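Following: one structure in structure tokens, then a few remarks.
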């Protein structure tokens, strides 16, 4: 092909890919009932009875039926279907004191980061976020994902119909690419950009491919003022939102730029996902060496230290002795790493991503993946969710 044929081919490929995505999404989203155009997680009666109590012993059917009637939740027979909103109402009723109490007065900030692509960074972020909001029965976690990656993986996952031409993104806020109404403040604009999802108490600050312009914007700022504090690019946003959430998870870009620097400066914890293969661990080793050098700069700029550096082996095939050995050595490398187990490889993770969800967006009874695959993935990741929750409780006590 000559240059013009190559260009036409690439344009055709892009248009075809976009058309296929639109068709696939239209099938997935038909009849969606949540504000982001997706579905709320559904539970059958037995799943609901387990989901509303702490521990392994489910609420008795009689007690469950009585609570549902008291709360005006439809509950007729053993085949009753309720969604995650009903589950949360019942949890609020059964655990009023702990569910009403804030987990934190100010959000803990986690940067989920690795310069090596394909390590499961975005999957890790979405799974931890949805798990915190759905699986911790006695507490109500308020979670925000900041999608800092111009590939917009979080935005695509949670908002399949997101219109980056009409909707503001994180890049627009950083570049102040918006017009305020007469009575609006910058804080009003920032809060208006945060989007609800089909997971109650989980919100997302979206991104788009146009956010690549942030790098040009910051370069122009530095040309005008070489002392411009680019490491504080996210501070105005986080200062507005930190009191609205218990944890903010920043899904960082897989390239080092000024937004990546700002994410690491704003964070008080980091999670480093890494696949347990020789090539990935070599790349992660180089990334950690690079991060150590960059952190020396952050210290000079005033960073006070990370409370946790969580190295998380991802997509681990636990039948592979080599992968398990590499995963164990990776975790042991960080003395402040509190994740004692792996994010295992699972077909459930891959399949449910196709359906615009995580393993905590769906229940076993919904029949979208084999029950064994989904249950194993949920049970395994619950250990990670529990440790993350403990870190948040621990940090709140230390901050008081």
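The values are calculated or read from the model by the stated rules, or taken from the named source; none is laboratory data. Quick caveat, the model's predicted, so the values are computed rather than measured. Every residue, glycine among them, receives a Cβ derived from its backbone with ideal geometry; neighbour counts consider all protein chains shown.
Among the residues of region 128-157, those that are part of a helix (DSSP H, G or I) and either outside the structural domain of residue 271 (by TED's automatic domain parsing) or touching a strand residue (DSSP E or B) at 6+ places or on another chain (Cβ under 8 Å) (or both) comprise 128, 129, 130, 132, 133, 153, 154, 155.
Let's see how each residue does on (1) on the phi > 0 side of the Ramachandran plot; (2) outside the structural domain of residue 249 (by TED's automatic domain parsing); (3) in a loop (DSSP other than H, G, I, E, B):
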site	(1), (2), (3)
64	no, yes, no
72	yes, yes, yes
92	no, yes, no
109	no, no, no
119	no, no, yes
125	no, no, no
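Flag: residue 90 does not match the condition of being without any contact (Cβ under 8 Å) to a residue 40 or more places away in the chain, over 30 Å from residue 259 (Cα atoms) and over 24 Å from the mean Cα position of the chain (by Cα). Of the residues that make up region 73-90, is at least one at pLDDT 95 or above and farther than 21 Å from residue 143 by Cα? For region 73-90, residues at pLDDT 95 or above and farther than 21 Å from residue 143 by Cα: absent.
Could you tell me whether residue 350 is in a helix (DSSP H, G or I) and modelled with pLDDT of 90 or more? First the steps, then the outcome.
On the way: in a helix (DSSP H, G or I): yes; modelled with pLDDT of 90 or more: yes.
Yes: the conditions hold for residue 350.
Which ones in region 83-97 are more than 16 Å from residue 135 (Cα to Cα) and touching a helix residue (DSSP H, G or I) at 6+ places or on another chain (Cβ under 7 Å)?
Listed by number, the list holds a single entry, 93.
Pairs meeting the criteria (first residue in region 146-167 and at positive phi, second residue assigned to a loop (DSSP other than H, G, I, E, B) and surrounded by fewer than 19 Cβ atoms within 10 Å (Cβ to Cβ), beta carbons under 9 Å, at least 6 apart or on different chains) are 152/164.
Residue 341 satisfies every condition listed in (1) out of contact with any helix residue (DSSP H, G or I) (no Cβ under 7 Å at 6 or more places or on another chain); (2) touching a residue at least 40 places away in the same chain (Cβ under 8 Å); (3) closer than 30 Å to residue 278 by Cβ except (1). Taking each residue of region 313-328 that is at positive phi and looking for partners that are assigned to a loop (DSSP other than H, G, I, E, B) and buried (at least 16 other Cβ atoms within 10 Å of the Cβ) with beta-carbon atoms closer than 6 Å, six or more apart or interchain, yields 315/120; 315/275; 315/345.
Residues of region 310-350 being surrounded by fewer than 18 Cβ atoms within 10 Å (Cβ to Cβ) and under 18 Å from the mean Cα position of the chain (by Cα), which ones? Scanning region 310-350 gives a single hit, 350.
Residue by residue through region 355-385, note down the ones that are part of a helix (DSSP H, G or I) and either surrounded by 22 or more Cβ atoms within 10 Å (Cβ to Cβ) or free of Cβ contacts under 8 Å to residues at least 24 places away in the same chain (or both). Outline the logic, then answer.
Keep residues of region 355-385 that are part of a helix (DSSP H, G or I), which gives 364-366, 371-385.
Those that are part of a helix (DSSP H, G or I) and either surrounded by 22 or more Cβ atoms within 10 Å (Cβ to Cβ) or free of Cβ contacts under 8 Å to residues at least 24 places away in the same chain (or both): 371, 372, 374, 375, 377, 378, 379, 381, 384, 385.
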